[in-house]
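Peer 1: Below is one structure. I have some questions about it.
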Amino acid sequence: MANWFWLAVFAAILYGLHQVFTRLAADRIGDGVGGFIVEAAAAVSILLYLAYLKATQHWNQPITTTGVAWSLLAGVCVGAGTIAFFLLFQRGGPLSAVPMVLAGGAAIMAAVGFVAFREPVTRERVLGIVLSLAGLYLLRK
């Protein structure tokens with residue numbers, strides 16, 4: 001098993017819970033305020049992680065201008081995506097719509113991985129994309 005697999009499982013659990021908590025919050029807070037609180041809490045969590053790395057002398061955090069630029073763009077996408085999820089839930093969208101959205105994102109990521117990053121196109125990866133898109137189709141109503 002690849003050495004990153006369990007990190008992927010852990011990330012999937014955390015992102016799944018993220019959407020559950022966003023759904024629970026959506027009817028009780030404005031989309032902008034809720035999104036800001038979600039992202040602020042995320043920033044504090046990452047700041048605590050950085051403090052831990054520094055305190056335990058495991059600091060290995062290089063910074064480049066290009067890395068900062070890409071990170072800013074990623075942050076804009078995460079912030080806008082968080083607001084979009086709040087709006088989706090506030091307008092009656094079901095929690096089961098989240099896998100549909102994420103499956104579409106997974107297909108985009110895989111395609112970019114194949115084309116831009118020259119990641120190997122394997123039968124298993126293509127099947128994963130097809131199954132993601134099939135799930136997207138099945139959850140559309």
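Each value in this text was obtained by applying a stated rule to the coordinates, not by laboratory testing. This is a predicted model, so every value here is computed, not measured. Cβ: placed from backbone, ideal geometry, glycine included. Neighbour counts: every protein chain shown.
Peer 1: If you go through the stretch 23-31 one residue at a time, do you hit one that is of a type in the set (Val, Ile, Thr), surrounded by 10 or more Cβ atoms within 10 Å (Cβ to Cβ) and in a helix (DSSP H, G or I)? Steps first, please.
Peer 2: Within the stretch 23-31, the first condition is being of a type in the set (Val, Ile, Thr), and the residues that meet it are 29.
Narrowing the set further to residues that are surrounded by 10 or more Cβ atoms within 10 Å (Cβ to Cβ) leaves 29.
From what's left, in a helix (DSSP H, G or I): none.
Within the stretch 23-31, not a single residue is of a type in the set (Val, Ile, Thr), surrounded by 10 or more Cβ atoms within 10 Å (Cβ to Cβ) and in a helix (DSSP H, G or I).
Peer 1: Ok, one more. Identify, by number, the condition in (1) out of contact with any Phe, Trp or Tyr (no Cβ under 7 Å at 6 or more places or on another chain); (2) more than 18 Å from Pro94 (Cβ to Cβ) that Gly35 doesn't meet.
Peer 2: With (1) out of contact with any Phe, Trp or Tyr (no Cβ under 7 Å at 6 or more places or on another chain); (2) more than 18 Å from Pro94 (Cβ to Cβ) applied to Gly35, the lone miss is (1).
Peer 1: A follow-up question, please. Among the listed residues Val98, Val38, which satisfies the condition of being farther than 23 Å from Ser132 by Cβ, surrounded by 11 or more Cβ atoms within 10 Å (Cβ to Cβ) and not charged (D, E, K, R)? So that I can check it myself, show each step before the final result.
Peer 2: Numbers: Val98 fails: farther than 23 Å from Ser132 by Cβ.
After applying the criteria, what remains is Val38.
Peer 1: Residue pairs, Cβ under 6 Å, 6 or more apart or interchain, first in the stretch 105-133 and free of Cβ contacts under 8 Å to residues at least 12 places away in the same chain, second in a helix (DSSP H, G or I) and not aliphatic (A, V, I, L, M). List them.
Peer 2: Glu119/Gly113; Val121/Phe114
Peer 1: Let me ask something else about it. Hand me the list of helices (runs of 4 or more DSSP H) wholly inside the stretch 49-141 holding 1 or more residues that are under 23 Å from Asp31 (Cβ atoms). Reasoning before the result, please.
Peer 2: Working: elements: 65-90, 97-115, 123-138.
Because the criterion is at least 1 residues that are under 23 Å from Asp31 (Cβ atoms), the helices (runs of 4 or more DSSP H) in the stretch 49-141 that meet it are 65-90, 97-115.
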